[in-house]
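Trainee: First the structure, which I've put down as structure tokens, then a few questions once you've had a look.
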There are 2 protein chains.
Amino acid sequence: MPASPAVATAGSAAAGQGSRRRAGRPVGGVLDKAGITEAALRLIEKKGYDGLTMAALARSLNVAPSALYNHVKSKRDVLLLLEDHLASLVDVSPFGAGPWEDAVRTWAWSYRDVFSQHTPLIPVIAVLPVTDAPQTLAMYETVSAGFRDAGFPEERIVSSIVALESFIFGSAYDVTAPADIFDPGTMAEATPSFTGAVRSLAEQGHERPADVAFSLGLEALISGLGGLRG
Amino acid sequence: MPASPAVATAGSAAAGQGSRRRAGRPVGGVLDKAGITEAALRLIEKKGYDGLTMAALARSLNVAPSALYNHVKSKRDVLLLLEDHLASLVDVSPFGAGPWEDAVRTWAWSYRDVFSQHTPLIPVIAVLPVTDAPQTLAMYETVSAGFRDAGFPEERIVSSIVALESFIFGSAYDVTAPADIFDPGTMAEATPSFTGAVRSLAEQGHERPADVAFSLGLEALISGLGGLRG
DNA sequence: TTTATAAATGAATGGCATTCATTTAGTGGT
DNA sequence: ACCACTAAATGAATGCCATTCATTTATAAA
């Protein structure tokens, strides 16, 4: 009788914990995709991506690990759910409500900020067909419309967005880099130009060097890509 | 006698396989960092990064998995060795031998091409202190010198390189994306602007859409960052 | 009441990186 | 020639991980 002791556990879980049950939905079980996404997000917040294991996720939902597989095909599916949720947090509001440059700037900073806390998702996004990610697709729709309305020729819109996105993803990693990443250490004398440049940047005393690089690159992209408009 | 049967194996390995033994080096063992790097590279070429396990790597060197730990602290160390080797393949030759724009262009394409075959290293690079990667540091030195000689103010050099690198890493992922990544599927009617833009790009019939986006973004960055020169 | 189905269970399974006590074989000093 | 030292192997754990599977339960439908 493998499942008999578990009934008590699962039952007390559904009752004891903030119910994950939706109103109109058949009362099938304790779990659903929204609940899994929410729990995964909480887990990552607390333990980081190293702590996001199927076992830990199941435990946080008071459920056996194998139960998750009734709702997701694999751990990758969980990451996909996370990605799509995060896409909905990206600020696309200024598109259509102001100059193109300002909209892109707001969008790009927001996009980078959201994913800099979730860099382990970036390799997943890069290969994720948008079909599987409705919120992500919605973001692309708003951004594309913004580009079209700003006068971009249709055949350049996707490439321009991809170029910006590539920069954004790369820059998201940058945010998480340790402060001393460019310390040349014992090789300092062998690399005078680089060492000088690093020192010179450090002397500027910027709080977040990653922001300086991001701003520099983003403004270059905005003015460069902006020139494509007809 | 745990090690006695293995002697034959290890011995026949050193003899049977293309010797990894360096000339002037004390005859200590079969392994060294260069040999491990080489073997890892061959393994990745054949089986991809999923095939790069410590067990498989050891087997390709005719050695027990635990033997590797006499030369590297962890698997991450192996990835570091790989990264630094790949950095030496990036083309920095035109720096100092032509206009800054051309040098950056060549360097960036080469950098992207090398790492687009090794995207699993990107999360590693992003957090890798350059101290541990002499070849990488050498690349930075050449590039920094090129920027300085082109008239960049010293305090902007590192930020400019970081911006370019961020774009390069993001774009490297892009190369590996499936062709149908932007197929909106059943949501096509709900996303007219995006769907139209995707269709319009597809009709251009570019062989590698990723190259179009990379070129667009790179040229924008080159002209935007080029404006920083004094 | 019966039947079908969705959604749990817990016990494997197999793969993985890493650790450890032990053994081996060379090196340098006496 | 002997001996101690040490670098570099061995193979047998260890512990973590995602995933699978036969089985059981509880609800919904008929």
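Trainee: Checking the condition without any contact (Cβ under 8 Å) to a residue 24 or more places away in the chain, farther than 20 Å from A:S144 by Cα, facing another protein chain (nearest Cβ under 7 Å) and of a type in the set (V, I, T), which residue from B:V162, B:V212, B:V198 passes?
Mentor: Only one candidate passes the filter, namely B:V162.
Trainee: Out of the residues in region B:65-81 that are part of a loop (DSSP other than H, G, I, E, B) and surrounded by 12 or more Cβ atoms within 10 Å (Cβ to Cβ), state the one that is nearest to DNA strand D (Cβ to nearest atom).
Mentor: Residues of region B:65-81 that are part of a loop (DSSP other than H, G, I, E, B), as a first pass: B:71-74.
Pick out the ones that are also surrounded by 12 or more Cβ atoms within 10 Å (Cβ to Cβ) and you get B:71-72.
Numbers: B:H71: 7, B:V72: 11 Å.
Looking at the filtered set, the residue picked out is B:H71.
Trainee: Now for a separate question. Among (1) within 7 Å of chain B (Cβ to nearest Cβ); (2) open to solvent by less than 10 Å² (accessible area, probe 1.4 Å), where does A:F115 come up short?
Mentor: Tallying (1) within 7 Å of chain B (Cβ to nearest Cβ); (2) open to solvent by less than 10 Å² (accessible area, probe 1.4 Å), A:F115 fails exactly one: (1).
Trainee: Among residues belonging to region B:133-153 that are at the interface with chain A (Cβ under 7 Å from one of its Cβ atoms) and surrounded by fewer than 19 Cβ atoms within 10 Å (Cβ to Cβ), point out the one that is nearest to A:G185 (Cα to Cα). Outline the logic, then answer.
Mentor: Residues of region B:133-153 that are at the interface with chain A (Cβ under 7 Å from one of its Cβ atoms), as a first pass: B:134, B:137, B:140-141, B:144-145, B:148.
Going one step further and asking which of them are surrounded by fewer than 19 Cβ atoms within 10 Å (Cβ to Cβ), we end up with B:134, B:148.
Working: B:P134: 10, B:R148: 21 Å.
Per the criteria, the residue is B:P134.
Trainee: Please tell me if B:Q204 is open to solvent by 30 Å² or more (accessible area, probe 1.4 Å), among the polar types (S, T, N, Q) and facing chain A (nearest Cβ under 7 Å).
Mentor: Judged against the criteria, B:Q204 is a match.
Trainee: Among the residues of region A:15-30, are any in a helix (DSSP H, G or I), at pLDDT 95 or above, of a type outside the set (A, V, I, L, M, F, W, C) and more than 8 Å from DNA strand C (Cβ to nearest atom)?
Mentor: no
Trainee: Ok, one more. Go through (1) at the interface with chain B (Cβ under 7 Å from one of its Cβ atoms); (2) within 14 Å of the chain's Cα centre (by Cα); (3) surrounded by 19 or more Cβ atoms within 10 Å (Cβ to Cβ) one by one and return the number of the condition A:A108 breaks.
Mentor: Condition not satisfied by A:A108: (1).
Trainee: Could you please find all residues in region B:43-56 being more than 17 Å from B:R76 (Cβ to Cβ) and loosely packed, with under 12 Cβ neighbours inside 10 Å?
Mentor: B:E45, B:K46, B:G48, listed by residue number.
Trainee: Next up: Which condition number in (1) within 18 Å of B:L137 (Cβ to Cβ); (2) surrounded by 14 or more Cβ atoms within 10 Å (Cβ to Cβ) is the one that A:T186 fails?
Mentor: For A:T186, the failing item is (2).
Trainee: So for region A:32-42 (the condition being surrounded by 14 or more Cβ atoms within 10 Å (Cβ to Cβ), within 13 Å of DNA strand D (Cβ to nearest atom) and away from every other protein chain (no Cβ under 14 Å)), does at least one residue qualify?
Mentor: There is at least one residue in region A:32-42 that is surrounded by 14 or more Cβ atoms within 10 Å (Cβ to Cβ), within 13 Å of DNA strand D (Cβ to nearest atom) and away from every other protein chain (no Cβ under 14 Å).
Trainee: Those residues that are of a type in the set (D, E) and over 24 Å from A:R112 (Cα atoms), I need them from region B:166-182; list them, please.
Mentor: Selection gives B:D180 alone.
Trainee: Considering only residues that are in contact with a helix residue (DSSP H, G or I) (Cβ under 6 Å, 6 or more places away or on another chain) and within 12 Å of A:T53 (Cα to Cα), which ones fall in region A:64-74?
Mentor: Residues satisfying the conditions are A:P65, A:L68.
The values are calculated or read from the model by the stated rules, or taken from the named source; none is laboratory data. Predicted model, so just to flag it, every value in this text is computed and none were measured. FYI the Cβ positions are ideal-geometry reconstructions off the backbone, even for glycines, and counts take in every protein chain you see. What goes into the accessible areas is simple: the full protein's heavy atoms, side chains included, and nothing from ligands, DNA or RNA. Shrake-Rupley method; radii C 1.70, N 1.55, O 1.52, S 1.80 Å.
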